[in-house]
1. If I stretch the segment between residue 10 and residue 170 completely, what's the gain in nm (0.36 nm per residue apart, minus their alpha carbon distance), one decimal?
2. Using the 10 angstrom Cβ neighbour count as an exposure proxy, how do 55, 167, 209 rank, fewest first?
3. Given the peptides 391-398, 153-160, arrange them by the average over their residues of other C-beta atoms within 10 Å, most packed first.
4. Distance from the Cα centre of the range 269-301 to that of the range 396-439, in angstrom?
5. Tell me, what is the percent relative contact order of the range 259-345, built from C-alpha pairs under 8 Å that lie six or more residues apart?
6. How would you classify the range 272-398 from its alpha-carbon gyration tensor, with a ≥ b ≥ c the square roots of the eigenvalues: rounded for a/c under 1.5, else prolate if a/b is greater than b/c, otherwise oblate?
7. Among 206, 281, 301, 410, what is the fewest-to-most ranking by other Cβ atoms within 10 Å?
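Any read-out appearing in this document is the output of simple, stated calculations on the displayed coordinates, not a laboratory observation. Quick caveat: nothing in here was measured; it's all calculated off a predicted structure. Every residue, glycine among them, receives a Cβ derived from its backbone with ideal geometry; neighbour counts consider all protein chains shown.
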Ligand code: CAO
């Protein structure tokens with residue numbers, strides 16, 4: 001073994017610079033001029049090339065260190081260099097790739113070397129966490145690391161196809177192509193939104209795990225929910241409706257409805273109340289044009305309802321609710337939700353909606369923030385009703401009242417806060433007075 005020190009060479013007029021990447025790790029075989037570490041000042045980043053080849057025995061610096069000329073970077077066994085060509089095929093692959101890469105001569109002052117790049121000249125990172133999001137060094141040759149760095153690709157996100165799980169240059173190219181082909185989030189106004197990549201974490205290091213594919217419905221609805229969440233600026237207005245009388249009425253009608261084969265649920269009444277509120281506030285029964293510069297107002301009242309199925313969430317639509325009575329709507333609710341759970345819904349039965357209701361009342365919870373089913377502009381979330389003490393001003397005492405929590409999310413590009421509050425106030429008055437609802 002012949003151990004040699006690798007020191008920081010002349011890097012120009014800098015007292016200290018940050019180590020932003022340690023490209024090699026202990027045990028790596030390196031050739032003369034291979035980039036070893038990347039340093040960054042506020043103006044430029046630069047690679048420190050290997051002054052000689054060999055096997056890295058000990059790395060003396062880490063990402064985040066501040067170093068200057070003369071600091072020891074690593075110890076390299078140069079005796080191993082002669083044996084390097086006879087090493088495993090992985091090493092040969094490194095050598096072949098190295099031939100394609102231009103690195104500055106070791107004697108060249110690094111700060112002036114061609115490898116120095118001004119940050120603004122770097123391409124936009126496709127998936128950029130500069131030091132790798134998994135906190136673990138991905139397995140790749142120095143040249144592939146350099147290639148990935150130049151393109152702003154996080155090697156921890158790249159799937160390796162080389163021997164011993166080594167990342168090859170073509171893996172990086174494939175990753176970049178895949179990232180570029182991903183759909184960009186675009187709002188109706190056309191503005192894009194880019195986010196940091198999710199960290200890749202090996203959860204098994206913390207305990208037992210099981211990996212299952214997502215159900216098809218979840219994949220589709222997940223992508224839609226994500227788009228809706230990031231493109232429509234959501235505001236959620238909370239309110240409570242006194243449904244004591246309505247619930248009494250529903251219960252009194254239950255037996256009669258059952259004779260007709262109908263389960264008369266609260267949701268059917270809610271749909272009628274929502275149609276009435278949509279008529280009073282037409283901007284809620286609308287969609288933005290794709291360019292985002294026109295509001296398309298609808299003269300029909302098709303109401304979607306979120307339905308929980310074993311495979312995920314679907315939204316069947318009940319058409320022309322303004323022309324149907326509560327009994328008809330209740331009948332359709334059962335019929336459509338039954339078929340949704342048997343996966344027998346037709347595509348057209350989930351299309352054409354104007355407004356959606358998501359009722360979690362049968363399950364529980366107090367309030368939640370539903371995500372708008374775009375291009376609709378609002379959605380009503382309903383939680384479990386409960387008996388509450390409500391102050392009766394006329395009687396001067398608290399009265400037990402059945403209160404229904406409501407959460408109205410709306411697209412703030414279309415609906416102002418004042419109208420949001422007016423809409424829920426209108427709903428409250430409809431739901432608290434059965435006579436109004438049935439008119
Ligand atoms: N408060 C208290 N009880 C309620 C209630 C409320 N707001 N809403 C319903 N209930 C009661 C019903 O009265 C019924 O009790 P009875 O049998 O004694 O009458 C019981 O809860 C079950 O109701 P249901 O769920 O069968 O019927 P529904 O019309 O209320 O709802 C449907 C139908 C399809 C909306 C519902 O089954 C469902 O799938 N809900 C989940 C929706 C969902 O997942 N939303 C989240 C979307 S965002 O991820």
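1. 54.2 nm
2. 209, 55, 167
3. Numbers: 391-398: 8.4, 153-160: 20.4.
Answer by packing, highest mean first, reads 153-160, 391-398.
4. Cα centroid of the range 269-301 versus Cα centroid of the range 396-439: 16 Å apart.
5. So the answer I get is 31 percent.
6. Verdict is oblate for the range 272-398.
7. Numbers: 206 8, 281 16, 301 21, 410 27.
Lowest count first: 206, 281, 301, 410.
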